[in-house]
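No lab work stands behind these numbers, since they all come straight from the coordinates. Nothing here was measured: the structure is a model prediction, and the numbers come from that model. Counting neighbours? That spans all protein chains shown, and the Cβs are built from the backbone with ideal geometry, glycine included.
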Amino acid sequence: MRTPLGAISVLAALAGVLMLAAGPEAIGARLVQAPRAAADVDLELILAVDVSYSMDPDEQALQREGYILGLTSPEFLSALKQGGHGRIAITYFEWAGIADQKVVVPWRLIDSAATAKAFTDEIAAAPYRRAYRTSISGALLYASPLFDANPFHGVRRTVDVSGDGVNNQGPPVTTIRDELLAKSVTINGLPIMLKRPMAASMDIENLDVYYEDCVVGGPGAFVVPIKEREHFKDATRTKLVLEVAGRTPPVRVVPVTSEAPRISCMIGERMWQYRWGGQDFN
């Protein structure tokens, strides 16, 4: 049975009178509560991207292109729609030393190919930059409050760290990692291993092992190492799809270890002291 249009108008007017009678506080509460459901997402994802000087311009371009293509790929968009809400919240920031972090794209909602492209267009439009030192712990410290400051409420929270070196400035990376894990945040890693470490560099041979044992952690945490340029884009897309879908990594992706570290998690700090502080490296 249909309700007459006149009755609808009367009901609407009556609802308005009741809201006014309840006072501005009630109206304000309605306005605040209304967007709450719209802000629910399957995942709050922070992309933390290394721009230290060890990342040469070619690597930086590959890194950005990997995220741009990954976030707009059919595989990513398909995984996006598999979630209960069919949408995620995402932000992208660059990091280098302990006090050098910069948000390139603030929190955005991705729920379609159009919103994914809008996000990646913002990444593409940002100027490239490079900065001194490598502080993964600084990046994690910076990432943590970003979750509390955004307007979204995710079922899961993940920090995605990509970089080509070990922590050599700031607090021990394991200390900050454990603080985030205590807040139910998962940390995944994308160690970039395109260049062979040289004696004069601050790089290490087994960066993927360092990431596995010292950086990543949390439910389902994993590492996707990139060792060849032609695999950069595929690896980035794989990582993004796994994160959005919340899936268990396949065999070819190394899961985080639960055993004692196979490599010193202070190796970057020790290498720095040896190079610039005159202390023995042992």
For His153, the residues 5 or more places away or on another chain with a placed amide H closer than 5 Å to its own amide H are Asp40, Val41
For Glu94, Glu230, what ranking results if the residue with the fewest other Cβ atoms within 10 Å of its Cβ goes first?
-> Glu230, Glu94
Taking neighbour counts of Cβ atoms within 10 Å as a proxy for exposure, in what order, fewest first, do His85, His153 appear?
-> His153, His85
Determine, for Val104, Val173, Val41, the number of other Cβ atoms within 10 Å of each Cβ, and report the residues in order from fewest to most.
-> Val104, Val41, Val173
Shape call for region 117-170 from the C-alpha gyration tensor, a ≥ b ≥ c root eigenvalues: rounded (a/c under 1.5), prolate (a/b greater than b/c) or oblate?
-> oblate
